[in-house]
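To start, the structure under review is shown below, and the notes come after it.
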Amino acid sequence: MTAVAPSLQTGQATRARTTPKPKSGAWARRAPLLPALLFTIVVTQIPFVLTVIYSFQSWNLVRPGSQHFVGLQNYADVFTDSQFRGALLNTVVITVVCVLVALLLGLGLALLLDRKFLGRGVVRTLLITPFLILPAAGALLWKTTMFDPTYGLLNFVFGGDTDWLSEFPLASVMTQIVWQWTPFMMLLLLAGLQSQPKDVLEAASVDGAGRWRTFASITLPHLSRYIQLSVLLGAIYIVNSFDAIFLMTQGGPGTSSTNLPYYIYQRAFQGFDIGQSSAMGVVTVVLTLIVATFALRLMFRTFDVSRGVK
């Protein structure tokens with residue numbers, strides 16, 4: 001009996017170690033996240049489901065009793081709408097140009113701020129400031145102090161009385177968006193530059209590699225995942241730009257600076273066409289998801305969460 005007791009105790013201890021723990025601990029860790037999850041579902045998923053339902057109906061708020069099911073007719077009208085195609089083209093142009101220009105400017109500023117010089121902290125703070133300003137405030141700032149044909153700083157510097165928002169509406173809007181988002185690109189790329197291993201840079205310098213050779217062969221490959229992240233996040237935010245167009249050009253002259261968010265706003269809140277504006281919103285979300293999925297796949301090829309950087 002005395003010889004069996006220790007073996008029984010050892011077996012019970014082994015079974016206690018191998019027996020899976022109850023899931024109450026996992027639920028206890030997840031429970032604090034449930035309110036945030038429910039809030040997200042209420043404010044994002046339920047409105048989107050209602051938008052999809054409305055997109056299959058013909059409903060104009062100025063015509064009581066006009067709500068009825070029309071199937072895919074709203075989607076057919078969307079793809080045959082020349083103004084929608086023009087707004088889609090403007091959205092693509094604004095997104096591509098603003099992301100690329102902001103990325104290049106942000107890379108240049110990050111390279112400058114990565115060096116040590118007197119007053120670097122002050123300069124860094126001043127360069128970050130545009131990103132801290134509300135988009136609506138930034139749009140009004142550029143409209144009244146930069147592009148104004150009478151009192152604007154651009155006409156004061158270059159001379160003349162050019163009405164920038166009327167003659168160059170799309171370029172003016174893109175200039176303001178680039179000014180707003182360049183600090184964001186700069187911060188991400190600066191974080192990538194400061195994460196470089198210093199011993200590798202010193203070894204390249206000892207081997208006689210110049211600055212351009214070091215940048216092209218070491219720094220740029222190291223920044224590849226940061227550049228991809230900057231492009232992805234910048235595109236997601238810039239494609240939804242609304243404040244600058246609403247406050248600076250109102251989509252004009254005509255529809256020359258109208259993008260998809262502003263055109264959907266016009267159809268929903270000025271034309272009161274709930275059905276077709278909902279179909280436009282669904283199409284915009286689907287196109288954005290396709291682009292975001294493609295970009296994420298490119299990112300995951302470079303950066304693998306489970307195994308680190310490839």
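When LEU170, LEU165 are arranged by Cβ crowding within 10 Å, least crowded first, meaning fewest neighbours, the order is LEU170, LEU165.
Charge dipole (Cα centre; +1 on Lys/Arg Cβ, -1 on Asp/Glu Cβ; no other charges) of segment 74-309 amounts to roughly 860 debye. From the phi angles alone, apply the Karplus equation (6.51, -1.76, 1.60; θ = phi - 60°) to segment 27-42 and give each ³J(HN,Hα) in whole Hz, x where the residue is Gly or Pro. Values per residue, Gly and Pro as x: 5, 5, 6, 8, 4, x, 8, 4, x, 5, 5, 4, 4, 5, 5, 5 Hz. Sorted on the mean count of surrounding Cβ atoms within 10 Å across their residues, most packed first, peptides 206-213, 56-63, 101-108 read 101-108, 56-63, 206-213. Placing unit charges on each Cβ (+1 for Lys and Arg, -1 for Asp and Glu) gives the chain a dipole about its Cα centre, and among ILE236, GLY86, GLY281 the Cα reaching farthest toward its positive end belongs to ILE236. For LEU113, what is the net charge nearby, where nearby means another residue's Cβ is under 13 Å from its Cβ and Lys, Arg count +1, Asp, Glu -1? With Lys, Arg at +1 and Asp, Glu at -1, the net is +3. Here the Karplus curve 6.51 cos²θ - 1.76 cosθ + 1.60, taken at θ = phi - 60°, turns the phi angles of segment 229-246 into couplings of 5, 5, 5, 5, 5, x, 5, 4, 6, 6, 5, 9, 4, 9, 4, 4, 5, 5 Hz, with x standing for Gly and Pro.
Taking every alpha-carbon pair under 8 Å whose residues sit at least 6 apart, segment 141-270 reaches a relative contact order of 25 percent.
Each peptide in 134-140, 178-184, 117-123, 223-229 was scored by the mean count of other Cβ atoms within 10 Å over its residues; highest first, the order is 178-184, 223-229, 134-140, 117-123. Across the alpha-carbon set of segment 137-211, the Rg to Rh ratio works out to 1.31, Rh being the Kirkwood radius. In the calculated pair-distance distribution of segment 74-309, the portion above 30 angstrom amounts to 38 percent of the Cα-Cα pairs. Segment 222-268 and segment 66-82 have their alpha-carbon centroids 25 Å apart.
Remark: relative contact order (the chain) = 27 percent; criterion is Cα-Cα distance under 8 angstrom and separation of 6 or more residues. Here the Karplus relation 6.51 cos²θ - 1.76 cosθ + 1.60, evaluated at θ = phi - 60°, turns the backbone of segment 44-61 into coupling constants of 10, 6, 5, x, 5, 4, 5, 4, 4, 5, 5, 5, 9, 10, 9, 8, 10, 5 Hz, with x for every Gly and Pro.
Readers should treat all values here as calculations from the given coordinates under stated rules, not as data from a laboratory. Predicted model, so just to flag it, every value in this text is computed and none were measured. Quick reminder, even Gly has a Cβ in these numbers, built from the backbone with ideal geometry, and neighbours come from all protein chains shown.
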